[in-house]
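Structure, as structure tokens:
The values are calculated or read from the model by the stated rules, or taken from the named source; none is laboratory data. Because the structure is predicted, anything quoted here is derived from the model rather than measured. Positions of Cβ are backbone-derived with ideal geometry, glycine not excepted, and every protein chain shown enters the neighbour counts.
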Amino acid sequence: MEYNFPSLANGFDKKLKNEEIAVFIAKTPIFEGVELKNLKRAAENSQVHHFRKGSIIFQKGEPSNWMYIIRKGSIAEFVRYGSSVDIIVKTRKACDYIGEMGMLIDEPYTCTAVAMENSTLYSFSKEKFLELAWSTPKILQHIISQLIDRLNNSCEKFVNAMHLDAEGRLAFTIIQLANDKDTEGDNIKINVTQDELAASSGMARQTVASILGQWRKQGWILTSRGSISVKNRDALMDVIVDSELK
């Protein structure tokens, strides 16, 4: 699938002091418990980037020279399956991080990261991040824990792709994206297009549009350009269960 992403539109806000960046990232899960003085040192050559919706932060195969902390907005990580299908691996929100894995294994970026809405990110150089990570076991423990979660999630997606029908796979994909929001209850807005849902669910866009239309009539979801709002999470969960029982 080809994406017509707008041209990269990011700027550097050099007025923001390193200390302000350090204070913010101290609140993020990956740097929780790290001494502020060490975070200030890591932020010495950090930069602030502003990305418009649809902009590419980095692409799979590019040198992994920077890792990013999301200040605001949301970022989707894509991988290409075969020659033409891009699948959403994970969506990231404020306080999440991207780009760290390639640094740790000294390989290029393993996925493509795209801004799903106007977003602000802090970037940290490979040298500074690795210096901090190797000297701080808590950071490595957090990354390992997240990696295990990703592997479990990938296995779950693979199993569901094998056993669920089209409605079940689509409901599962939407529920996974909704869960990434860490929001309880209903009325959860997800920034995702029908093309992206089709790729992630392994079905044609026309099929996705037809199923979403049915769910919209039933009041389970609302759709708008580039987003879906989940109005009845329980109903979508029932679709998954019914699909598993068929």
Q.
Which count do you get for residues in segment 210-222 that are surrounded by 14 or more Cβ atoms within 10 Å (Cβ to Cβ) and touching a residue at least 12 places away in the same chain (Cβ under 8 Å)?
A. 5
Q: Identify all residues within segment 38-53 that are assigned to a loop (DSSP other than H, G, I, E, B) and touching a Gly at 6+ places or on another chain (Cβ under 9 Å); write none if there are none.
A: 53
Q. For residue 188, which of the numbered conditions (1) within 13 Å of residue 170 (Cα to Cα); (2) buried (at least 20 other Cβ atoms within 10 Å of the Cβ) fails to hold?
A. (1)
Q. Mind checking whether some residue in segment 54-62 is outside the structural domain of residue 172 (by TED's automatic domain parsing), at pLDDT 75 or above and charged (D, E, K, R)?
A. yes
Q: Go through segment 150-196 residue by residue and tally those that are at pLDDT 65 or above, among the polar types (S, T, N, Q) and either under 15 Å from the mean Cα position of the chain (by Cα) or within 15 Å of residue 237 (Cβ to Cβ) (or both).
A: 5
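Let's see how each residue does on (1) at pLDDT below 90; (2) outside any helix (DSSP H, G or I); (3) more than 20 Å from the chain's Cα centre (by Cα):
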| residue | (1), (2), (3) |
| --- | --- |
| 89 | yes, yes, no |
| 94 | no, yes, no |
| 102 | yes, no, no |
| 109 | no, yes, no |
| 113 | no, yes, no |
| 117 | yes, yes, no |
| 122 | no, yes, no |
| 127 | no, no, yes |
| 138 | yes, no, yes |
